[in-house]
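Q: Below you will find the structure I want to go over with you.
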Amino acid sequence: MGNQTNWNWDPAPESTDHVKIKEQYQLFIGGRFVKPANGEYFETVNPANEKVLAKVALADAADVDKAVKAARKAYSNVWSKMSGAERGKYIFRLARLIQERAREFAVIESLDGGKPIRESRDVDIPLVSAHFFYHAGWADKLEYAFPNKKPSPIGVVGQIIPWNFPLLMAAWKIAPALACGNTVVLKPAESTPLTALKLAEVIKDAGFPDGVVNIVTGDGGTGEAIVNHPGIDKIAFTGSTEVGKKIIRATAGTNKKLTLELGGKAANIVFEDAALDQAVDGIVEGIYFNQGHVCCAGSRLFVQEGIAEKLFRRLKHRINQLIVGDPLDKNTDIGAINSKGQLKTIQAYIKQGKKEGLEMFQPEIALPKKGYWCAPTLFFDVAQSSVLAKEEIFGPVLAIQTFRTVDEVIAKANNTPYGLSAGVWTDKGSKVFNLTSQLKAGVVWANTYNKFDPTSPFGGYKESGFGREGGVHGLEAYLNLN
Ligand code: NAD
Ligand code: MG
């Protein structure tokens with residue numbers, strides 16, 4: 001067992017008694033739950049045990065058309081005409097209801113997506129309500145946000161989101177859209193639709209006018225129907241670069257506005273003068289948070305040579321302590337990989353790393369038999385040309401390199417088609433500012449990692465997409481400014 005420390009934690013499972021998951025879910029269109037036109041449903045499973053949680057409606061183009069029409073009606077008749085202060089009241093009410101039902105949301109998020117309950121309870125769901133609270137506050141202050149301009153809503157917005165932060169991505173999309181006076185057709189990812197459907201119930205409970213938010217579940221085909229619908233004024237998409245490129249092609253030459261938040265391959269850079277234990281925690285947080293299913297994950301680690309050996313020793317020791325297993329257990333650090341498909345993708349990258357002859361480290365732990373699991377993995381001395389350093393893996397796999405000088409690490413860090421985020425660990429403020437101005441990344445964290453706040457804009461450079469979400473900048477994406 002090497003230097004593994006066996007902490008004998010007793011299981012501490014979160015209770016699921018208070019959570020009601022239905023056998024079957026319908027589409028949320030025009031304020032009602034309606035059956036899909038074609039009568040088709042798909043299954044969403046719990047990736048920790050492969051059990052089916054529920055059957056969920058598969059929306060086709062006819063259903064999307066219905067949702068767009070409901071959104072248009074709500075936009076023209078009610079929502080765009082309402083004062084900002086009134087809109088704000090609804091959004092505040094939604095934020096409070098989410099807080100009240102936070103535990104239920106957190107448990108469903110962990111059941112449907114595999115993320116540890118500690119994260120869904122302490123990170124995802126609190127950020128969801130914070131996002132609605134923050135944007136509720138903007139609803140009646142848009143003129144102050146953009147002095148000398150006349151902000152007006154865009155219209156009906158189509159929003160397509162991924163499976164890594166299911167409810168948080170829904171909040172990032174819905175909250176600013178509504179605050180700015182738009183109405184919404186949102187499609188959650190096929191492996192994690194349940195919290196968005198729960199959100200639909202809460203939106204109904206909050207008394208929103210019918211059709212202001214419509215939630216259509218389905219697959220890529222449903223997403224395409226949203227992208228291609230002529231009644232949509234704007235598309236907001238978060239997901240893979242590949243689908244992002246398809247959406248650029250599909251919307252080219254139309255009047256649809258577009259914002260894209262795509263992949264990443266962030267550099268997390270540790271200098272010799274960094275506080276090492278904090279840096280080790282930040283590296284672990286950077287790559288193993290949410291099983292590495294994070295577009296801004298610190299998936300490339302750059303360590304300055306002088307401290308490399310010491311840092312690697314501490315990092316291995318730390319990784320040996322991580323608990324991989326039941327997402328509903330409050331002790332769990334690393335939950336289940338979101339889907340079988342994603343697990344296969346990650347395993348293929350690990351195989352590739354081994355084939356390249358790279359030194360690999362994984363703790364000696366027994367992974368559960370059922371479900372989709374991957375041990376936290378380190379690869380050392382990864383060449384810039386290796387696929388492990390170039391491609392987004394979207395799993396708990398860290399590609400490590402060393403460096404000598406500041407200029408060298410800046411050049412290496414920027415040598416990627418992506419530019420979403422980066423991390424810098426150093427005791428020197430001047431070094432932080434030098435790097436934040438030279439790293440081509442939308443977000444640069446200094447002596448911390450994966451910290452999010454609704455007031456702070458988030459988004460990428462280059463192939464990581466364009467447009468910002470959060471903060472004043474994020475509002476611009478949902479307004480016409482004349
Ligand atoms: P994806 O891009 O295929 O899916 C994202 C969303 O887009 C889903 O709701 C999906 O149903 C929808 N979609 C799929 N095809 C579409 C189409 N042609 N038109 C419109 N919508 C469509 O992502 P994925 O397959 O779930 O994950 C694959 C990779 O994407 C991951 O390995 C990772 O690299 C990346 N990813 C990035 C993020 C991020 O936050 N930036 C999140 C999830 C996944
Ligand atoms: Mg699921």
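Q: Could you give the Stokes-Einstein D for region 189-285 in µm² per second, using the C-alpha Kirkwood radius, 25 °C, 0.890 mPa s?
A: On the way: Rh = 17.0 Å.
Once the numbers are plugged in, D ends up at 145 µm²/s.
Q: Answer rounded, prolate or oblate for region 265-335, using the Cα gyration tensor with square roots of eigenvalues a ≥ b ≥ c: rounded when a/c is under 1.5, else prolate when a/b is larger than b/c, else oblate. It would help to have the intermediate numbers written out before the result.
A: Numbers: a/c = 2.90, a/b = 1.59, b/c = 1.82.
Verdict is oblate for region 265-335.
Q: What order do you get for Ile365, Ile98 when you list them from fewest to most C-beta neighbours inside 10 Å? Provide the component values of the computation, followed by the final result.
A: Numbers: Ile365 17, Ile98 26.
So the residues, fewest neighbours to most, are Ile365, Ile98.
Q: On to the next question. Show me, bin by bin at 10 Å from 0, the whole-percent P(r) of region 1-147 based on Cα pairs.
A: 10, 24, 31, 23, 8, 4, 1
Q: From the convex hull of the Cα coordinates of region 239-292, what is the mean projected area in square nanometres?
A: Numbers: hull surface 21.9 nm².
Result: 5.5 nm².
Q: Sequence neighbours fewer than 8 away in the same chain don't count; with that in mind, list the lysines whose C-alpha is under 21 Å from Lys256.
A: Of all the lysines, those that pass the test against Lys256 - Cα under 21 Å, at least 8 places apart if same chain - are Lys66, Lys69, Lys73, Lys150, Lys173, Lys187, Lys234, Lys245, Lys246, Lys462.
Q: Let me ask something else. Where does each of Phe458, Phe105 land when they are ranked from fewest to most other beta-carbon atoms within 10 angstrom?
A: Values: Phe458 22, Phe105 25.
Starting with the residue having the fewest Cβ neighbours, the order is Phe458, Phe105.
Q: While we're looking at this one, here's another question. Could you tell me which residue out of Val406, Leu343, Tyr288 lies farthest along the dipole of region 267-446 toward its positive end? Charges go on the beta carbon: Lys and Arg +1, Asp and Glu -1, centred on the Cα centre.
A: Working it through, the farthest residue towards the positive pole turns out to be Leu343.
Q: How tilted is helix 194-205 with respect to the longest principal axis of the chain? Cα atoms for both, answer in degrees (0 to 90, nearest 10).
A: 40 degrees
Q: Would you calculate, for the chain, the mean residue ellipticity at 222 nm contributed by helices, counting each DSSP H stretch of 4 or more residues as -39,500 (n - 2.57) and dividing by all residues, to the nearest 500? It would help to have the intermediate numbers written out before the result.
A: On the way: 16 runs with 182 residues, N = 482.
Helix-only estimate at 222 nm: -11500 deg cm²/dmol.
Q: Take the alpha-carbon centre of region 265-299, take the same for region 452-478, and report the distance between them in whole Å.
A: 21 Å
Q: Right, something else. Could you give the alpha-carbon Rg of region 267-446 over 2.2 N^0.38 Å, rounded to two decimals?
A: Details: Rg = 15.7 Å, N = 180, 2.2 N^0.38 = 15.8 Å.
For region 267-446, the normalised Cα radius of gyration comes out at 0.99.
Q: Moving to a separate point now. Dividing the alpha-carbon Rg of region 59-129 by 2.2 N^0.38 Å yields what? Could the numbers behind the result be given before it?
A: Working: Rg = 16.5 Å, N = 71, 2.2 N^0.38 = 11.1 Å.
In units of the globular-protein estimate, region 59-129 measures up at 1.48.
Q: To check you understand DSSP bridge types, tell me what percent of the beta bridges within the chain (both residues inside) are antiparallel, rounded to 5. Present the calculation step by step, with values, prior to reporting the outcome.
A: Values: 20 of 60 bridges.
Of all bridge pairs located within the chain, approximately 35 percent are antiparallel.
Q: Let me ask another. Which value, in debye to the nearest 20, gives the size of the charge dipole of region 320-373 about its Cα centre, when Lys and Arg are +1 and Asp and Glu are -1 at the Cβ?
A: Numbers: 8 positive and 6 negative charges, 73 e Å.
Taking the Cα centre of region 320-373 as origin, the dipole is about 360 debye.
Q: Arrange Glu50, Glu272 by Cβ neighbour counts within 10 Å, fewest through most, would you?
A: Details: Glu50 12, Glu272 16.
Final ranking by Cβ density, sparse to dense: Glu50, Glu272.
Q: Relative to the longest principal axis of the chain, what angle (0 to 90°, nearest 10) does the C-alpha long axis of helix 61-74 take?
A: 70 degrees
Q: Here's another thing I want to ask about it. Gln352 to Lys35: extension gain in nm, 0.36 nm per residue of separation minus the Cα-Cα distance?
A: Working: separation 317, 0.36 × 317 = 114.12 nm, distance 4.45 nm.
Extra length from Gln352 to Lys35 when fully extended: 109.7 nm.
Q: Sticking with this one: I need the Debye-formula profile for region 382-482: one equal scatterer per C-alpha, no solvent, reported as log10 I(q)/I(0) at q = 0.12 1/Å, two decimals.
A: With one equal scatterer per Cα and no solvent, log10 I(q)/I(0) is -0.47.
Q: If you bin the C-alpha pair distances of the chain every 20 Å from 0, what whole percents do you get?
A: Bin by bin from 0 Å, the calculated values are 25, 56, 19, 0.
Q: Next up: On C-alpha positions alone, give me the angle between the axis of helix 84-100 and the longest principal axis of the chain, in degrees, nearest 10.
A: 50 degrees
Taken together, the values in this text are just the output of simple stated rules run on the coordinates, not laboratory data. What you see is a predicted model, and the numbers here were worked out from it, not measured in a lab. Reconstructed Cβ throughout: ideal geometry from the backbone, glycine too, with neighbour counts over all protein chains shown.
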